[in-house]
Amino acid sequence: MSTYLPDYYFRVRENGAFVFRVDTENRHRRIDMDQIAAVNIRNGEVKPHGDRDLTDEDMDAINSWIAERKATLAARDIDDILRTVDHLNLTAHWAQTRASDADLDAITDALLLAMHDLRTVLVRKKADRLTGER
């Protein structure tokens with residue numbers, strides 16, 4: 001385990017994080033974490049915890065975390081989509097080589113509707129990009 005601990009700890013939650021200030025400089029030489037704020041990634045809201053006033057250093061750390069977290073989530077979204085492409089390819093191979101008639105009956109309608117919906121969205125979005133509309 002590293003001997004270095006960051007000044008802040010972000011406990012990730014669905015829409016953001018709870019922010020804690022990490023303190024190791026106390027008389028008991030143990031790690032204390034003091035909650036200082038709650039962050040909402042979706043709307044960018046930072047709520048100080050209790051009656052606390054956030055310092056410029058606190059806000060710099062929080063804003064830096066928000067930027068890093070948004071980048072991480074965006075990268076995960078792209079990775080998930082690329083995994084979906086792989087799954088579609090594997091599904092096509094499965095359907096062609098191993099699926100029974102009963103297997104195909106169980107998944108065909110749902111898969112065709114999902115693929116049709118996705119194709120419709122992608123074609124419309126691409127047309128919007130090509131014509132400069134948004």
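Summary table
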item	result
Any chance residue 90 is more than 18 Å from residue 14 (Cα to Cα) and not in a helix (DSSP H, G or I)	no
Residue in the range 35-50 that is modelled with the highest pLDDT, counting only those that are in contact with a Leu (Cβ under 8 Å, 6 or more places away or on another chain) and within 13 Å of residue 13 (Cβ to Cβ)	37
The listed residue being surrounded by 10 or more Cβ atoms within 10 Å (Cβ to Cβ), touching a helix residue (DSSP H, G or I) at 6+ places or on another chain (Cβ under 7 Å), modelled with pLDDT of 95 or more and assigned to a helix (DSSP H, G or I), out of 106, 95	95
Tally, over the range 33-59, of residues that are surrounded by fewer than 11 Cβ atoms within 10 Å (Cβ to Cβ) and part of a helix (DSSP H, G or I)	1
Test: residue in the range 112-119 that is loosely packed, with under 10 Cβ neighbours inside 10 Å and either among the hydrophobic types (A, V, I, L, M, F, W, C) or closer than 30 Å to residue 12 by Cβ (or both)	no
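The values are calculated or read from the model by the stated rules, or taken from the named source; none is laboratory data. Small disclaimer: the values here were computed from a predicted structure and weren't measured. Don't worry about glycine lacking a Cβ; one is built from the backbone with ideal geometry, like all the others, and counts go over all protein chains shown.
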